[in-house]
Amino acid sequence: MQGQLATIWKLRHFWLSLAGMDLRVRYRRSLLGLGWSLLNPVVMTVVFCIAFASWPGNGDWRTAAPYYLAGLVVWDFVKHSAVQGSLTLLRNEPYIRQSPLPAAVYTLRTSLGVNVHFLIALVVVIAASAVLNTDHLTPFYALWSVVPAVVLLSAFCWAVTALCAIANVFFHDTQHLAEVGFGICFFLTPIIYPKDRLTERGLGFVADANPVVAFLDVIRDPLLTGVPPTTLAFAKVVGISFVAVVAAVAAFARFERRLVFHL
């Protein structure tokens, strides 16, 4: 494990340059550039404000818009980590066949690109909350409490990328299953409605078992209410991230040498 980490760190310029190249190629000659990454959550927020503005319980679109936007940003981060991560090892097949580098290098390439889009979107969420949600101005200490939560979410999303990448090598339907699964789970995740709605309908266990909900509790709620997350809520995301990272590391240890034979 220590040897793998040392090798990955020595190769940091390689996978950082790959991630930068992906962003440049993706937005080359694009009018909006990285702004396209914000288009989907922003447009969906506008649609939700028009159709479901009263769902959070106050009927005020100024409060509802940051609520929807923050939920969509976190959700898209996890979703894109899984869907794009599924193709990671397949897209990097030429590198894998030619160079005996740790396969985790290529998952970092994908994960970093998704992280850049998430951080840009998160800045927009903070700005939207400050401009629109004037009733609950977020104090600086609440903003700082979000930083470790974002780091844990990034670690969790890297693990999701790695697990989906490995799974897709052996079972090429992983990407399609991820897209369908996230489409279904979107409506079971309190993004356009408060979590209490699930509890009222006897579906509180769905929210408790959903890792995205745990991250919404420690990222969205502090940003919108100005109240730092509870120790229990933070401990939950620590546990989720730890289990996910351990599972990803164990998957690499178990299957990495066999990957090249299935690509």
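Tabulated data
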{"read-out": "Unique match (being of a type in the set (Gly, Ala, Ser), modelled with pLDDT of 85 or more and over 18 Å from Trp158 (Cα atoms)) among Ala103, Ala82, Ala70, Ala64", "value": "Ala70"}
{"read-out": "Cross-chain or 6+ apart pairs with Cβ under 7 Å, region 248-263 first and over 21 Å from Pro94 (Cα atoms), then part of a helix (DSSP H, G or I)", "value": "Ala248/Ala159; Ala248/Ala162; Ala248/Leu163; Ala251/Ala162; Ala251/Leu163; Ala251/Ile166"}
{"read-out": "Breaking point among (1) under 15 Å from the mean Cα position of the chain (by Cα); (2) open to solvent by 40 Å² or more (accessible area, probe 1.4 Å); (3) in contact (Cβ under 8 Å) with a residue 40 or more places away in the chain, for Pro228", "value": "(1)"}
{"read-out": "Condition met for Ala214 (small (Gly, Ala, Ser), buried (at least 21 other Cβ atoms within 10 Å of the Cβ), without any contact (Cβ under 8 Å) to a residue 40 or more places away in the chain and within 26 Å of Cys49 (Cβ to Cβ))", "value": "yes"}
{"read-out": "Region 186-211, subset within 21 Å of Cys49 (Cα to Cα) and charged (D, E, K, R), residue surrounded by the most Cβ atoms within 10 Å (Cβ to Cβ)", "value": "Lys195"}
{"read-out": "Complete set of residues in region 76-90 that are closer than 16 Å to Gly183 by Cβ and open to solvent by 10 Å² or more (accessible area, probe 1.4 Å)", "value": "Asp76, Lys79, His80, Val83, Gln84"}
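The values are calculated or read from the model by the stated rules, or taken from the named source; none is laboratory data. This structure is a prediction, so every number in the text was calculated from the model and none was measured. Note that we place each Cβ from the backbone using ideal geometry, even for glycine, and neighbour counts take in every protein chain shown. These accessible areas exclude ligands, DNA and RNA; they are computed on the full protein's heavy atoms, side chains included. Shrake-Rupley method; radii C 1.70, N 1.55, O 1.52, S 1.80 Å.
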